[in-house]
Each structure stands twice: as C-alpha cells, then as structure tokens.
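Written below as structure tokens is the structure these notes are about.
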C-alpha cells in the first residue's frame, strides 16, 4: 500500500512476482487504509450494530433487569467495536459517528425508539439512573489511546521508534490530514513527547 497525494505507484516484486498496489487491506481483522482510520471505524460500527440486532430478544424482554442487560451489551457489542481502538485517528466526523452509535445502543437498552421523541440528554440521564455513573464511549476510546501512548513512550522498543521517528522533508502547506499523534496534544494540552498521566478509570464504562 502506498500513501502519497501524487498517486504514484511502485514496482515491488517478491520471488519474481509483482505485488498489487492497493489503497487499503485487512490485517488481523482490521482495515488499514491510506485515508486513515475512518474505514476501520465505520466497519466496527457496522459489526457492533449487527451484534446489537442479534440480541433483540434480550432488548424486547422488559422483565430482564437493566443491570443484567448491560452485561451482554458490553461483552458482545462494545467489545467488538472497541477492538484495537488505540490505533485510531479520531476526527470530529468520526466522533459524531461514535456518539450516534452509542446513543443507538442506549436506546435499545432502555427500550426507547426515535418515535418517542426523547432527547439524547434525557436518554443519558435515564441510563445513569438505571446503571449508575458510567464512562461514555468516546471517553473510553480516549483513555485507552492515551494509556497506550504512555506505555509506548516509556518503552524502548520498535513501537516507540515508529511513533516518534521522523523522516526527511516536510508536510505540504495546504490543509493536512489529521495524524494519529495529533489527538494527543489536542486532548491533553501537552506537546508530543511530554509525559501524559492517564488515571485509572473507576467508572463502569465500556471497558
């Protein structure tokens, strides 16, 4: 896979066979794309939504306590979505999509449809009343990513070399694509390379 705005292709051969040049591929279940993390996030949303639909028998049974219903939500739906979220580059658009997916899950959990015309804030209030304080999905992703960044920064392996390494040249002057590392100072207010303290979560979020 090449990643260049000029759209060049290269000739790479292994044992005399030319490798195809692609703009995305799947590796260990995750989509690696030259356009960033958006394809992978959208795929994860689709997979989590499919898992949510398969549990419709649970959501339709109002005799089951919410404290019991939240367990399959976390283990069978959110675990699919959050897999390898530490590697994502998050933008304003993907943040909105993540929040929309979370709201869809909460409405299923509470048995609230969009026809009920209940606001997002009211849905969140009812969720807190039902299961207590919990960490929202986007905050969980941020915490995991910052925690992974801290672990890599304190290490001395290949991951740190890749993360902090620089190549010759500079970026073009026009609007740049957001990079993985751009989220770190955006969320912490610190420059890349500074120590980032990520407190352990004591909430009952989607971990």
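Work out, step by step, the length gained on full extension between residue 190 and residue 135: first 0.36 nm times the residue separation, then minus their alpha carbon distance; give nm to one decimal.
Net length gain for the segment: 17.5 nm.
At 0.36 nm per residue, and after removing the present C-alpha to C-alpha distance, how many nm does the segment from residue 147 to residue 22 gain when stretched out fully?
Stretched out fully, the residue 147 to residue 22 stretch lengthens by 41.8 nm.
Using only the Cα atoms of the stretch 29-141, build the gyration tensor, take square roots of its eigenvalues as a ≥ b ≥ c, and label the shape rounded, prolate or oblate: rounded if a/c is under 1.5, else prolate if a/b is larger than b/c, else oblate.
Prolate, since a/c reaches 1.5 and a/b exceeds b/c.
Quick one: 40, 35, 122, fewest Cβ neighbours within 10 Å first, how do they rank?
35, 122, 40
If I take R0 = 25 Å and measure r between the Cβ atoms of residue 155 and residue 31 in this structure, what FRET efficiency does the formula 1/(1 + (r/R0)^6) give, to the nearest 0.05?
Efficiency computed from Cβ-Cβ geometry: 0.45.
Could you tell me the relative contact order of the stretch 29-141? Use alpha-carbon pairs under 8 Å, at least six residues apart, and round to a whole percent.
31
On a 0 to 90 degree scale, rounded to 10, what angle separates helix 92-110 from the longest Cα axis of the chain?
The two axes meet at around 30 degrees.
So between residue 182 and residue 84, what do we pick up on full extension, going 0.36 nm a residue minus the alpha carbon distance?
Length gained between residue 182 and residue 84: 33.5 nm.
Starting from the 7 Å offset along Cα-to-Cβ, what nm value, one decimal, do you get for the label separation of residue 120 and residue 162?
3.3
Counting only helical runs of four or more DSSP H residues, what would the 222 nm mean residue ellipticity of the chain come to if each run contributes -39,500 (n - 2.57) and the total is spread over all its residues?
-13500 deg cm²/dmol
How far is it, in nm, from the label point at residue 54 to the one at residue 175 when both lie 7 Å from their Cα along the line to the Cβ?
So the label points at residue 54 and residue 175 sit 3.9 nm apart.
So what is the relative contact order for the chain, in percent, with contacts set as C-alpha pairs under 8 Å and at least six apart?
Taking the mean separation of contacting Cα pairs over the length of the chain, I get 20 percent.
Give me the angle, in degrees from 0 to 90, between the Cα long axis of helix 38-54 and the longest principal axis of the Cα atoms of the chain, rounded to the nearest 10.
30
Can you sort 56, 160, 38 so the residue with the fewest Cβ neighbours within 10 Å comes first?
56, 160, 38
Where a number appears in this text, it was derived from the coordinates with a stated rule and is not lab data. It should be emphasised that the depicted structure is a prediction, and the values quoted were computed from it without experimental measurement. Heads up, the Cβs are rebuilt from the backbone with ideal geometry, glycines too, and the neighbour counts pull from every protein chain shown.
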